[in-house]
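First the structure, then my questions, so here it is.
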Amino acid sequence: MNEVYKNIYTGEIVLPKSPLKALNSYIIVGDDRALIVDTGFDHPESEAAFFAEIESLGLKNRPIDLYLTHLHADHTGLASKFQQKFGGKVYCSAIDADYIDAMTHKDYFASHLYPAEFYGLHDEGDFFSNHPAVLYCAKGEISYTIVKEGDEIRVGEYNFQVLDVPGHTPNHTALYEKNHQLLFSGDHILDDITPNISFWRFEHGDSLGIFLDSLQKIYDLPVKMVFPSHRRLITDHRKRIDELRQHHQERLDDVMNILSTGEKMTVAEVASKMHWDFRAKDFSHFPPAQQWFASGEAMSHLEHLRSKGLVKMDMVDENTPIRYYKP
């Protein structure tokens, strides 16, 4: 592992079959304990890399705990195996912990996510059957230590404060160290790539609006270094946040332009006309899971516009395509 800051180490955990390629897993080492931030997939390659990184630091003689920034399998897949091996605490927010536990259940996509038909997609039964988020999520039981805004976790000279930064997931959290001005951002702020902001369920609200509010929360903090879960470290968090805001404003403008005809459109129809940085001939050639994710992000933008009174929506039930239009 590489020491990227005093007693803070990072290593890339390979993410097979994922366009993200790798996860930045971090280990903060104190004299009496260590804390790991995120794990990688429950996949043999990820598992070998993850546990090799821990072994390389010789941490066997001190307690080791794990912090999960959010529910996605590339961050949580090895949490159960970690706890079985080391017996440490697994910190996670309450709502995201519930999603992690639900992922291995057969009714997960029915109970926690909207069906493909809701977006106007044609479900051929394989939207997620071969997706890494399903194949490589945590399989065993996890005993969580639930965290919330303002909780503190001390490791060596660092005293981390838990920050609620929802949007990317319903209960995404980050770790902030005020004295050193360090932020472990998970997927809330990434460099080179933009975090996917999907729509979860109506009970979780306007996910894009919530995400933008969470960005402002971080914008206002003094931060010298951001440790994101993918790609490069970030030294100018305000510049990156401004870029993310601009990205989503362009997406919102794109959606408004698509709806300018006054036609009522399903979420999938809107998504099919949006610009995506994905190598495929067109939307119909996206893999099924990618069509679903793109539709989820399209809906997060549609719902944000609806919250502003700029578009309206017709909905019958969860098994009938929802439709949006510009009044």
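When region 279-308 is examined, which residues are found to be touching a residue at least 24 places away in the same chain (Cβ under 8 Å) and either of a type in the set (Asp, Glu) or part of a loop (DSSP other than H, G, I, E, B) (or both)?
Those that are touching a residue at least 24 places away in the same chain (Cβ under 8 Å) and either of a type in the set (Asp, Glu) or part of a loop (DSSP other than H, G, I, E, B) (or both): Glu297, Glu303.
Go over the candidates Glu157, Glu250, Glu152 one by one and state the one that is more than 18 Å from the chain's Cα centre (by Cα), in contact (Cβ under 8 Å) with a residue 60 or more places away in the chain and over 19 Å from His72 (Cβ atoms).
Within the list Glu157, Glu250, Glu152, the selection yields Glu157.
Could you tell me which numbered condition Glu149 fails, if it satisfies all but one of (1) open to solvent by 60 Å² or more (accessible area, probe 1.4 Å); (2) modelled with pLDDT under 90; (3) not aliphatic (A, V, I, L, M)?
(2)
Tell me, yes or no, whether region 309-320 has at least one residue that is more than 18 Å from Tyr114 (Cβ to Cβ), out of contact with any Ser or Thr (no Cβ under 6 Å at 6 or more places or on another chain) and part of a helix (DSSP H, G or I).
no
A further question on this structure: Mind checking which residues of region 38-89 are over 19 Å from Ile142 (Cα atoms) and of a type in the set (Val, Ile, Thr)?
Ile54
If I go through region 207-238 residue by residue, how many of them are in contact (Cβ under 8 Å) with a residue 60 or more places away in the chain, open to solvent by less than 50 Å² (accessible area, probe 1.4 Å) and more than 16 Å from the chain's Cα centre (by Cα)?
1
Going through region 301-325 one residue at a time, which ones are at pLDDT 95 or above and open to solvent by 70 Å² or more (accessible area, probe 1.4 Å)?
Hits for region 301-325 are Arg306, Ser307, Lys308, Leu310, Lys312, Arg323.
Let me ask something else. Within region 1-17, can you find the residues that are exposed (fewer than 15 other Cβ atoms within 10 Å of the Cβ), touching a residue at least 12 places away in the same chain (Cβ under 8 Å) and not in a loop (DSSP other than H, G, I, E, B)?
Residue satisfying the conditions is Val4 alone.
Let me confirm something: among Tyr119, Tyr99, which residue is farther than 20 Å from Cys137 by Cα, at pLDDT below 95, buried (at least 19 other Cβ atoms within 10 Å of the Cβ) and not aliphatic (A, V, I, L, M)?
Of Tyr119, Tyr99, the one residue that is farther than 20 Å from Cys137 by Cα, at pLDDT below 95, buried (at least 19 other Cβ atoms within 10 Å of the Cβ) and not aliphatic (A, V, I, L, M) is Tyr119.
I'm trying to understand the selection: among the residues of region 48-62, which are surrounded by fewer than 24 Cβ atoms within 10 Å (Cβ to Cβ) and touching a Gly at 6+ places or on another chain (Cβ under 6 Å)?
Passing the criteria: only Glu53.
Can you tell me which residue among Tyr114, Tyr136, Tyr144 is open to solvent by less than 70 Å² (accessible area, probe 1.4 Å), at pLDDT 95 or above and hydroxyl-bearing (Ser, Thr, Tyr)?
Testing whether each residue is open to solvent by less than 70 Å² (accessible area, probe 1.4 Å), at pLDDT 95 or above and hydroxyl-bearing (Ser, Thr, Tyr) leaves just Tyr144.
What are the residues in region 239-282 that are surrounded by fewer than 13 Cβ atoms within 10 Å (Cβ to Cβ) and over 18 Å from His301 (Cα atoms), if any?
Listed by number, the residues that qualify are Lys239, Arg279, Ala280, Lys281, Asp282.
Still on this structure, please answer the following. If you take the residues in region 181-201 that are over 15 Å from the mean Cα position of the chain (by Cα) and crowded, with 17+ Cβ neighbours inside 10 Å, which one is nearest to Leu163 (Cα to Cα)? Working first, answer last.
First, the residues of region 181-201 that are over 15 Å from the mean Cα position of the chain (by Cα): 181-183, 192, 201.
Cutting the leftovers down to crowded, with 17+ Cβ neighbours inside 10 Å gives us 182-183.
Numbers: Leu182: 12, Leu183: 10 Å.
Filtering first and then ranking leaves Leu183.
Mind listing whichever residues of region 152-170 are buried (at least 19 other Cβ atoms within 10 Å of the Cβ) and more than 22 Å from Val29 (Cα to Cα)? Let's see the steps before the verdict.
Quick first cut of region 152-170, residues buried (at least 19 other Cβ atoms within 10 Å of the Cβ) only: 153, 155, 158, 160, 162-163, 165-170.
Selection gives Val165, Pro166, Gly167, His168, Thr169, Pro170.
In region 38-78, which residues are under 20 Å from Tyr91 (Cα atoms) and in contact with a Leu (Cβ under 7 Å, 6 or more places away or on another chain)?
Scanning region 38-78 gives Asp38, Thr39, Gly40, Phe41, Asp42, Glu47, Phe50, Asp65, Tyr67, Asp74, His75, Thr76.
Give all pairs with beta carbons closer than 6 Å in which a residue from region 18-43 that is closer than 16 Å to Glu55 by Cα and of a type in the set (A, V, I, L, M, F, W, C) meets a residue that is open to solvent by less than 10 Å² (accessible area, probe 1.4 Å) and modelled with pLDDT under 95; count only pairs at least 6 apart in sequence or on separate chains.
Once the first residue is closer than 16 Å to Glu55 by Cα and of a type in the set (A, V, I, L, M, F, W, C) and sits in region 18-43, its partners that are open to solvent by less than 10 Å² (accessible area, probe 1.4 Å) and modelled with pLDDT under 95 give Ala34/Leu59.
The values are calculated or read from the model by the stated rules, or taken from the named source; none is laboratory data. The shown structure was predicted, so the numbers you read here are calculated from the model rather than taken from an experiment. Reconstructed Cβ throughout: ideal geometry from the backbone, glycine too, with neighbour counts over all protein chains shown. These area figures cover heavy atoms from the full protein model, side chains too; ligands, DNA and RNA do not enter into them. Shrake-Rupley method; radii C 1.70, N 1.55, O 1.52, S 1.80 Å.
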